[in-house]
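Below: the structure, in structure tokens.
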Amino acid sequence: MAQALSLGLLFAFLAIQSCIAIELTDHIDLWPMPTSVSHGTQRLYVSKDITMSMEGSTYPDGKGILKDAFQRVLDLMKLNHVVDGANPSSFVLTGVNVVVHSPEDELKFGVDESYNLSVPTAGYPLRVQIEAQTVFGAIHALQTFSQLCYFDFTSKLIELISAPWRISDTPRFPYRGLLIDTSRHYLPVTVIKKVIDTMAYSKLNVLHWHIVDAQSFPIEIPSYPKLWNGSYSFSERYTSSDAVDIVRYAENRGVNVMAEIDVPGHALSWGVGYPSLWPSDNCKEPLDVSNNFTFGVIDGILSDFSKVFKFKFVHLGGDEVNTSCWTATPHIKKWLDDNNMNVSDAYRYFVLRSQKLAISHGYDVINWEETFNNFGDKLDRRTVVHNWLGEDVAPKVVAAGLRCIVSNQDKWYLDHLDATWEGFYTNEPLKGIDDPEQQSLVIGGEVCMWGEQIDASDIEQTIWPRAAAAAERLWTPIEKIAEDPRLVTSRLARFRCLLNQRGVAAAPVAGYGRTAPYEPGPCVRQ
């Protein structure tokens, strides 16, 4: 096995060497690739005192979202180098003018994320021009601008080559997600924020926070304060204020945070604080379907969530439900008999009742695909079905008139370390869906970082750069996606190196997930 892995890494390493020579992107090293790009041949310098203006903008930036984003971009461009060269007398970018047409700054699902970016070579003063409908489009433009710039070790200045640039850009899908799992292993708040930062670099826009599961319940629920007795320890928890802070941090970077509670299965930890949620002391999962208290707790969680997680969607799980405890527990068996239900009926009852609770708190519901596979015609029509088991499900979901998110595990599960970036890049969410109306029901896709074998020590190199490969699939127009991933290998390798320079522990492109460098050499050849 070890020999096979070594050979695989060797072949992947050799493949990168050949791919660098065949990439056909006209030396445009942007990731993800924008909708439309043109450029010239002029070298420009970025003034050490570059400033941002908002001439012609109707956006007031009262929360400082744009101002803070601009400062972050300046820091990214410097890469912690000391920029102490002398500004030349010409071809110096002295400013960035940002025009945002909408005064709104609430990050909603489907918000306009498009932008136009222009870097001129003539005019005085020489200023970058950004135009966007919303502040979130402008944030994406600033991220793209940061990728055009680099620290030059000769001039000791920030430089930009191949100007003038004209970029027009808009995402292909409105939902571009990454799941993190804080139940299997606790992730410190600083780690979560770093994941959010890197999502913004890649233009992913939904952090799916799988907060709780059978193993632990780490988040504070004020309505039911004993729930986090199910955490691993007193130090491995998130307060409500922590959650608010994470949501605000993400929103300021154009990233929504979607919370998940996975019911009725995957909930053993709930009963540590409230044992009556278990069917019995000897049979603890799924949650007790016969007990109204169970639904009172779910209602309380969702009520508290609605004050923190403002995203349109909440995820209610519904997958991998083993109902044997229900028939093995006398009082639940009696409840089933009294209500003329079998366990399949009870599973459906639990999911639908939970959906109604979420809807009452203003949410649209996302459920894993087992709910559709078992009783799709009974789901609320606003349900979004989260596909994970196989690629044949999404066509069935949209044919039934429901929305869908694609995360098929053979391609987009990051915990599958044998899943290479090429598979992440070539996975097409609309495969098998030809009708335009049905295609519109696929709102996007999501890569999933399940936490059984990751924690704060290795999460970054397990996620990146493979998640970035999927990010281009979800952002870039299909006609600009390479059918042969070898054509984008060197561009992804350079983006991975940029992540490393920004302090992100992204693994080498060559080889499997979370791999180590094969041999000494420059970053772009790993």
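The values are calculated or read from the model by the stated rules, or taken from the named source; none is laboratory data. Note that the structure is predicted; figures quoted are calculated from it, not measured. Quick reminder, even Gly has a Cβ in these numbers, built from the backbone with ideal geometry, and neighbours come from all protein chains shown. Heavy atoms of the whole protein, side chains included, go into the accessibility calculation; ligands, DNA and RNA do not. Shrake-Rupley method; radii C 1.70, N 1.55, O 1.52, S 1.80 Å.
The number of residues in the stretch 284-327 that are touching a residue at least 40 places away in the same chain (Cβ under 8 Å), part of a helix (DSSP H, G or I) and open to solvent by 70 Å² or more (accessible area, probe 1.4 Å) comes to 0. When the residues of the stretch 497-525 are filtered to those that are open to solvent by less than 20 Å² (accessible area, probe 1.4 Å) and either free of Cβ contacts under 8 Å to residues at least 40 places away in the same chain or small (Gly, Ala, Ser) (or both), the one that is nearest to ASP29 (Cα to Cα) is CYS497. Within the stretch 366-392, if we keep just the residues that are touching a Phe, Trp or Tyr at 6+ places or on another chain (Cβ under 7 Å) and of a type in the set (Val, Ile, Thr), the residue that is surrounded by the most Cβ atoms within 10 Å (Cβ to Cβ) turns out to be VAL385.
Residues that are touching a helix residue (DSSP H, G or I) at 6+ places or on another chain (Cβ under 8 Å) and open to solvent by less than 60 Å² (accessible area, probe 1.4 Å) within the stretch 224-244 comprise TYR224, LEU227, TRP228, GLY230, ARG237, TYR238, SER240, ASP242, listed in sequence order.
Look at the stretch 256-275 and say how many of its residues are part of a helix (DSSP H, G or I) and of a type in the set (Val, Ile, Thr).
Looking only at that region, the number is 1.
Within the stretch 431-465, the set of residues being open to solvent by less than 10 Å² (accessible area, probe 1.4 Å) and not β-branched (Val, Ile, Thr) comprises GLY444, GLY445, GLU446, CYS448, MET449, GLY451, TRP464, PRO465. Checking each residue in the stretch 151-200 for being within 12 Å of the chain's Cα centre (by Cα), surrounded by fewer than 22 Cβ atoms within 10 Å (Cβ to Cβ) and within 20 Å of SER114 (Cβ to Cβ) picks out PRO174, ALA200. Scan the stretch 249-281 for residues that are under 18 Å from the mean Cα position of the chain (by Cα) and of a type outside the set (A, V, I, L, M) and jot them down. Once the filter is applied, which keeps residues that are under 18 Å from the mean Cα position of the chain (by Cα) and of a type outside the set (A, V, I, L, M), the stretch 249-281 yields TYR249, GLU251, ASN252, ARG253, GLY254, ASN256, GLU260. Exactly one residue out of PHE311, PHE305, PHE295 is over 22 Å from TRP228 (Cα atoms) and aromatic (Phe, Trp, Tyr), and it is PHE311.
Selection of helices (runs of 4 or more DSSP H) fully inside the stretch 393-451 by the criterion of at least 1 residues being touching a Lys or Arg at 6+ places or on another chain (Cβ under 7 Å) returns 421-426. Within the stretch 395-414, how many residues turn out to be within 20 Å of GLU472 (Cα to Cα) and either of a type outside the set (Asp, Glu) or under 17 Å from the mean Cα position of the chain (by Cα) (or both)? Number of matching residues: 10.
Surrounded by 15 or more Cβ atoms within 10 Å (Cβ to Cβ) and either without any contact (Cβ under 8 Å) to a residue 24 or more places away in the chain or touching a Ser or Thr at 6+ places or on another chain (Cβ under 6 Å) (or both): is that true of GLY95 in this structure? Here the answer is yes, as GLY95 does meet what is asked. One residue is enough: does the stretch 41-61 have a residue meeting the conditions under 30 Å from ARG473 (Cβ atoms), in a loop (DSSP other than H, G, I, E, B) and charged (D, E, K, R)? No, the stretch 41-61 contains no residue that is under 30 Å from ARG473 (Cβ atoms), in a loop (DSSP other than H, G, I, E, B) and charged (D, E, K, R). Residue pairs whose Cβ atoms lie under 6 Å apart, sitting 6 or more positions apart in sequence or on different chains, and linking a residue in the stretch 390-402 that is modelled with pLDDT of 95 or more to a partner that is in a helix (DSSP H, G or I), are VAL397/PHE372; VAL398/GLN438; ALA400/GLY376. State yes or no: is TYR59 farther than 18 Å from GLU113 by Cα, surrounded by 20 or more Cβ atoms within 10 Å (Cβ to Cβ) and either within 24 Å of the chain's Cα centre (by Cα) or assigned by the TED database to the domain that holds LEU107 (or both)? Taking the combined requirement at face value, the residue does not satisfy it. Taken over the stretch 95-125, residues that are in contact with a Gly (Cβ under 8 Å, 6 or more places away or on another chain) and under 28 Å from ARG43 (Cβ atoms) amount to 5.
Scanning the stretch 342-365 for residues that are open to solvent by 40 Å² or more (accessible area, probe 1.4 Å) and in contact with a Phe, Trp or Tyr (Cβ under 7 Å, 6 or more places away or on another chain) gives ARG348, ARG353.
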